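Worksheet: the structure to be examined is printed underneath.
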Amino acid sequence: MTKRIAIGTAAFLLLSVAAAANWAAWLGWDQHRDVLPDGSETGPYQVWQVAGLIVVLIALTVAAAALRHPVAAVAGPVLGTMVALCADWSDDSSGLWLVGACLAFAGLLAGAVTVTVVVHAAARNRSGGLPA
């Protein structure tokens, strides 16, 4: 039992660090808004950057869930991404970053739980019962 907890803790820590690095790789470097010809602003992120972030988060979650670490599969990517997100966004003087962070947390948590449940169900169906 202690070995299982140690492996789960290591998985959680590894996933948290990987998720924070994922944020830095896809979104952390892009800090400037784009000004359109009509004067409106967009960004700072492009769709491809957010899509890349999400694809990697899904891959991390699937890997951990497939290795039967459901708590780490949910908590690691969510926590790592939220730490990086809060560090990146918290300098916003409007204070609206907290609203965005709360919405991002809800989406990250829902996505991680959904992916983990789907992977768990697929493993159950493949093995003909509960995964070991």
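Laboratory data are not the source of any read-out in this text; all were calculated from the coordinates shown. Computed from a predicted structure; not experimentally measured. Cβ coordinates were reconstructed from backbone atoms using ideal geometry, including for glycine residues, and neighbour counts include every protein chain displayed.
Before moving on, here are some points about what is shown:
- Consider the stretch 112-127 and keep the residues that are small (G, A, S) and loosely packed, with under 13 Cβ neighbours inside 10 Å. The one that is farthest from the chain's Cα centre (by Cα) is S127.
- Annotation note: Cβ proximity below 9 Å between a residue of the stretch 1-28 that is more than 20 Å from A65 (Cβ to Cβ) and a residue that is not in a helix (DSSP H, G or I) (sequence gap 6+ or interchain) occurs for W26/Y45; L27/P44; L27/Y45.
- Cβ separations smaller than 6 Å between residues 6+ apart or across chains give no pair from the stretch 37-62 residues that are within 17 Å of T114 (Cβ to Cβ) to residues that are among the hydroxyl-bearing types (S, T, Y) and in a helix (DSSP H, G or I).
- All positions within the stretch 63-98 that are more than 15 Å from the chain's Cα centre (by Cα) and without any contact (Cβ under 8 Å) to a residue 24 or more places away in the chain: W89, S90, D91, D92, S93, S94, G95, L96, W97, L98
- Unique residue being crowded, with 21+ Cβ neighbours inside 10 Å and either on the phi < 0 side of the Ramachandran plot or basic (K, R) (or both) when the list is L15, L67: L15
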